[in-house]
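Down below is the structure, laid out as structure tokens.
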Amino acid sequence: MMLSLDHPIGERFFGLRLDTLIRLRWLAISGQTLAIVVVHWLLGFTLPLGACLAVVALSAWLNLALRLRNPGARRLSDVEAAWLLAYDILQLAALLFLTGGLANPFALLFLAPVLISATALSPRTTILLGVLAAVCAALVGLWQMPLPWSASDLGAGPVLPPIYLAAIWFALAIAIAFIGVHAWRVAEETRELSEALAATELVLAREQHLSALDGLAAAAAHELGTPLATITVVVKEIARALPAESPMADDIRLLSEQAERCRSILRTLTSLEAGDAPFDRMRLSHILEDVVEPHRHFGIAITVTLPTRVEGEPIIARNPGLLYGLGNIVENAVDFAKTHVNVVANWSADDVTVTITDDGPGFPPELIDQIGAPYVTSRGRNRWRRETQEEMEESSEGLGLGVFIAKTLLERSGAELGFVNRALPAHGASVTVRWPRRLIDISGEHEAEGEEAADA
């Protein structure tokens, strides 16, 4: 009989490879066979050898059937992987039944299938496998063949009291629950971080694409300028050649006007050339105005406050990631502010700081340490809370990635972020973004370039 693992339509995939389970089962088969051989022949313990080897051979047959019927690179659905791990639990229970039950030290291996499920499968599947492992452990604790002892032992060997076996089962059940939950939580956080970083890369790619459009427009303007100039010259020649009363005079005049309009548009596009200083590098104050301008039309007053002495104001490269990161923080402040958002910039010889405050409800104290982690989001009456899996599946927006993406992009530029609530009697949230000045200020670089050009 050949086994088939065709995926049900609509099944959710968790990415566990069939090859992974096959390799792990071969490892288990090797260990079980080695243990049986050593215990029976080298240590002299009496085992039901035929039955033990038959149980191990069944696993080997299953592995061979799976390998012949399915490609190793194939990924299993949640249900398929659960059935295979459930078999491993039952096979281990059969071996333990033949070799002393819970008194056998290898009873700890009940943890292995649950641990694998916790790292790769759904919580529901992991809970079901954990229950199955606990039930199997209880059954082999109640009914089992005697633990084998060597012929040199006096009598039939020690008999473990029921209370001790119950304690072993209880410890095993606690270990299954604790290790399963811990492994699932670590794996889930890793998955969330991977997905959030992928979303960050997509956002950054989009922002870089939009930032590059001005350079592409300028290049297109340069390329279109020559043919348009030729069209303009030809139109003027035709206009001079036509008599004034020609019925085509109005059409030629309209064509000339439209050609001139096209030239005006191309001149505008040319002004957006990526190398132009106003667009390639900006003062910090201009960057902040660029960031807050799209959010000034939502009924919330936004104030940008600069030091009274503006000497030495940093010059910053117009970076899409930096603009998106600051813009997202300002957007969140506007969303939750009651009347006002204040953006305060400060700089010194060592660092550059931007602080964004609002007069809204602020951050809940119990979640303030999690702000900036993926899938901690704002919904309903609470400003921030962790979303449930159902909420994330129901909506493609509001996945709690906005602040995570902003934090990631700003940290890539060298910034450190701090999230706090404003000190009483004020209320609201405060986000501080701080850069070491040497990482963000490019004014010194351009001064050096200018000195080199003057020397040349």
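Brief remarks follow.
- When the residues Val159, Val55 are ordered by accessible surface, computed with a 1.4 Å probe over the protein chains alone, the sequence from largest down reads Val159, Val55.
- Extents of region 15-158, largest first, come to 53, 30, 18 Å (Cα atoms, principal axes, whole angstrom).
- Each residue was assigned an accessible area with a 1.4 Å probe, and for Phe97 the value is about 90 Å².
- In terms of the mean number of neighbouring beta-carbon atoms within 10 Å, the peptides 296-304, 33-41 order highest first as 33-41, 296-304.
- Arg263 accessible area, 1.4 Å probe, all protein chains in place, Å² to nearest 10: 90
- Taking all protein chains as shown and a probe of 1.4 angstrom, Asp350 keeps an accessible surface of around 110 Å².
- Taking Arg185, Arg261, Arg67 and ordering them by how much accessible surface each has at a 1.4 Å probe, largest first, produces Arg261, Arg67, Arg185.
The values are calculated or read from the model by the stated rules, or taken from the named source; none is laboratory data. Worth saying up front: this structure is predicted, and the values here are computed from it rather than measured. Here Cβ is always computed from backbone atoms with ideal geometry, including for glycine, and neighbour counts include all displayed protein chains. Just the protein is used for accessible areas: all its heavy atoms, side chains included, with ligands, DNA and RNA removed. Shrake-Rupley method; radii C 1.70, N 1.55, O 1.52, S 1.80 Å.
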